[in-house]
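Undergrad: Below you will find the structure I want to go over with you.
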Amino acid sequence: MGRQAANNAIRPLPVRNGVAPSYLWLDEDRAGGMLAFLCDQFPAVGEAAWRARMARGEVVDGAGCVLDAGSEVRRGMRIWYYREIEAETPIPFEEQVLFRDEHLVVVDKPHFLPMTPSGRFLRETLLVRLKDKLGLPHLTPIHRLDRETAGVVIFSHCEASRGAYQSLFQQRSVEKAYEALAAPMAGRSFPFTHRSRMVDGTPFFRMQEVEGEPNSETLVDVIGQRGDAWLYRLEPHTGRKHQLRVHMASLGAPILNDAFYPVALPCKGDDFTKPLKLLARSIAFRDPLSGQQRRFDSGRVLD
């Protein structure tokens with residue numbers, strides 16, 4: 001059985017306070033009724049919570065018919081419901097909208113704020129916040145930043161033009177510049193390009209460099225100094241997961257406050273005192289609809 005948050009599918013439940021309904025496809029018949037099935041499928045939620053959701057009419061089938069405790073569980077059904085988190089820690093940093101037109105929303109994301117719902121984050125995510133504040137139920141990120149990274153990120157809220165903007169990133173027609181604080185790289189001449197082959201690492205959330213044909217590339221330059229650290233400008237020419245963090249660690253200058261590289265540190269939980277010193281400074285591209293050259297810059301500063 002598969003489940004996911006609904007995006008462009010036809011939804012029998014509306015977006016609620018920025019939260020899109022999730023759905024679950026059923027691939028088998030099951031005796032005992034819908035309540036028993038849901039309790040078995042989602043043991044962390046509990047019977048009382050499912051009864052309350054059903055009483056509010058928030059568990060429905062693909063046609064929008066409200067399901068109750070005794071509703072049949074049939075192969076081929078799609079069940080819709082709202083994901084809920086009882087105790088979600090508020091993230092005390094605000095995003096800034098830099099630009100909005102009939103196609104795009106460009107946002108300056110703070111550190112620590114996840115892009116989209118997952119795990120223990122739901123309402124305290126950039127996507128849900130923006131959907132709620134801007135009233136844009138079809139908002140979708142065109143690209144992504146790590147939770148730990150701050151800076152410029154682009155969303156689409158027009159389904160008709162979304163593919164044109166997504167293709168810019170797929171074709172690497174977007175110029176992205178980042179800034180990072182890290183230790184000095186003594187003895188190097190700048191700028192230089194670092195290339196490597198990156199693959200999934202261990203633990204599962206990390207990446208690693210291995211021998212082989214390079215599949216990642218970053219231009220590295222020094223643009224200033226902050227105390228004992230150097231301020232680097234990083235221009236990724238590819239978009240591998242954690243690429244800048246892996247490359248800087250490999251070069252012997254891991255980005256300050258990086259809890260993943262060069263080694264994975266214990267989870268910091270809700271400690272907001274040491275943000276990763278990595279900022280998506282700017283994004284530039286030629287607009288595929290108007291032909292206009294666009295550039296968006298973060299107003300944030302690494303210190």
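Undergrad: In the range 50-129, what trypsin sites (Lys or Arg not before Pro) fall in a loop by DSSP, with at most 10 other Cβ atoms inside 10 Å?
TA: Details: sites: Arg51, Arg53, Arg56, Arg74, Arg75, Arg78, Arg83, Arg100, Arg120, Arg123, Arg129; in loops: Arg56, Arg74, Arg75, Arg83, Arg120, Arg123.
Those satisfying the criteria are Arg56, Arg75.
Undergrad: Restricting to DSSP loop positions (anything but H, G, I, E, B) with no more than 13 other Cβ atoms inside 10 Å of their own Cβ, which chymotrypsin sites (Phe, Trp or Tyr not before Pro) remain in the range 204-266? Please report the intermediate quantities before stating the final value.
TA: Numbers: sites: Phe204, Phe205, Trp230, Tyr232, Phe260; in loops: Phe204, Phe205, Phe260.
Passing both the DSSP loop test and the Cβ count: Phe204, Phe205.
Undergrad: Could you do me a favour and compute the accessible area per residue for the range 47-206, 1.4 Å probe, result in Å²? Intermediate results must be reported in sequence, preceding the final value.
TA: Details: 7670 Å² over 160 residues.
It amounts to 48 Å² per residue over the range 47-206.
Undergrad: Any idea what the dipole of the chain comes to, in debye rounded to 20, about its Cα centre with Lys/Arg Cβ at +1 and Asp/Glu Cβ at -1? All intermediate terms of the calculation are to be shown ahead of the outcome.
TA: On the way: 40 positive and 38 negative charges, 79 e Å.
In total the dipole reaches around 380 debye.
Undergrad: Restricting the count to DSSP beta bridges whose residues both fall in the chain, what percent are antiparallel, rounded to a multiple of 5? Could you put the intermediate results ahead of the total?
TA: Details: 60 of 62 bridges.
Beta bridges within the chain, antiparallel portion: roughly 95 percent.
Undergrad: Is it possible to state the helix-based mean residue ellipticity at 222 nm for the chain, with each DSSP H run of 4+ residues giving -39500 (n - 2.57), the sum divided by total residues, to the nearest 500 deg cm²/dmol? What is it?
TA: Working: 5 runs with 46 residues, N = 303.
Per the formula, -4500 deg cm²/dmol.
Undergrad: Need one word for the range 171-302: rounded, prolate or oblate. Basis is the Cα gyration tensor (sqrt eigenvalues a ≥ b ≥ c); a/c below 1.5 gives rounded, then a/b vs b/c decides.
TA: Cα axes put the range 171-302 in the rounded bin.
Undergrad: Then there is this: If one computes the Cα centroid of the range 57-122 and of the range 284-299, what distance in Å separates the two points?
TA: Here the two parts' Cα centres lie 29 Å apart.
Undergrad: Here's another thing I want to ask about it. For the chain, what's the relative contact order in percent, using C-alpha pairs closer than 8 Å and at least 6 residues apart? Let's see the in-between values first.
TA: On the way: 615 pairs, mean separation 43.4, N = 303.
Computed over the chain, the figure is 14 percent.
Undergrad: With everything on Cα atoms, drop me the angle between helix 159-170 and the longest principal axis of the chain, reported from 0 to 90° to the nearest 10.
TA: In the chain, helix 159-170 runs at an angle near 40 degrees to the longest axis.
Undergrad: As a test question: what accessible area, to the nearest 10 Å², does Ile142 have when a 1.4 Å probe is rolled over all protein chains in place?
TA: 20
Undergrad: Put Ser173, Ser216, Ser167 in order of accessible area, largest first, 1.4 Å probe: what do you get?
TA: Values: Ser173 55, Ser216 5, Ser167 30 Å².
Order by accessible area, largest first: Ser173, Ser167, Ser216.
Undergrad: Right, another one. Which whole-angstrom value gives the distance between the alpha carbon centres of the range 266-281 and the range 210-239?
TA: Value for the Cα centre distance between the two parts: 19 Å.
Undergrad: Residues in the range 9-40, backbone N under 12 Å from the label point at Glu88 (7 Å along the Cα-to-beta-carbon vector): list them, ranges by number please.
TA: Residues 16-21 qualify, since their backbone N sits under 12 Å from the label point.
Undergrad: Still on this structure, I have one more. Compare Lys277, Lys133 by solvent-accessible area with a 1.4 Å probe and give them largest first, with all protein chains kept in place.
TA: On the way: Lys277 30, Lys133 115 Å².
Sorted descending by solvent-accessible area, the residues read Lys133, Lys277.
Undergrad: Towards the positive end of the charge dipole of the range 224-300, with charges on Cβ (+1 Lys, Arg; -1 Asp, Glu), say which of Ile283, Gly299, Val263 has the farthest Cα.
TA: Final value for the positive-end residue is Ile283.
Undergrad: Enumerate by residue number the chymotrypsin sites (Phe, Trp or Tyr not before Pro) in the range 19-57 meeting two conditions: DSSP loop (anything except H, G, I, E, B), and at most 13 other Cβ atoms within 10 Å of the site's Cβ. If you can, show how the numbers build up before the last one.
TA: Details: sites: Tyr23, Trp25, Phe37, Trp50; in loops: none.
In loop regions of the range 19-57 (DSSP not H, G, I, E or B), there are no sparsely surrounded chymotrypsin sites (Phe, Trp or Tyr not before Pro).
Undergrad: Would you mind telling me the share, in percent, of accessible area of the range 35-158 contributed by carbon and sulfur at probe 1.4 angstrom?
TA: On the way: 2760 of 5440 Å².
For the range 35-158, the apolar C and S fraction of the accessible surface comes to 51 percent.
The values are calculated or read from the model by the stated rules, or taken from the named source; none is laboratory data. Here the structure is a predicted model, which means the values were calculated and not measured. Every residue, glycine among them, receives a Cβ derived from its backbone with ideal geometry; neighbour counts consider all protein chains shown. Remember, those area values only see protein heavy atoms, side chains included, never the ligands or the DNA or RNA. Shrake-Rupley method; radii C 1.70, N 1.55, O 1.52, S 1.80 Å.
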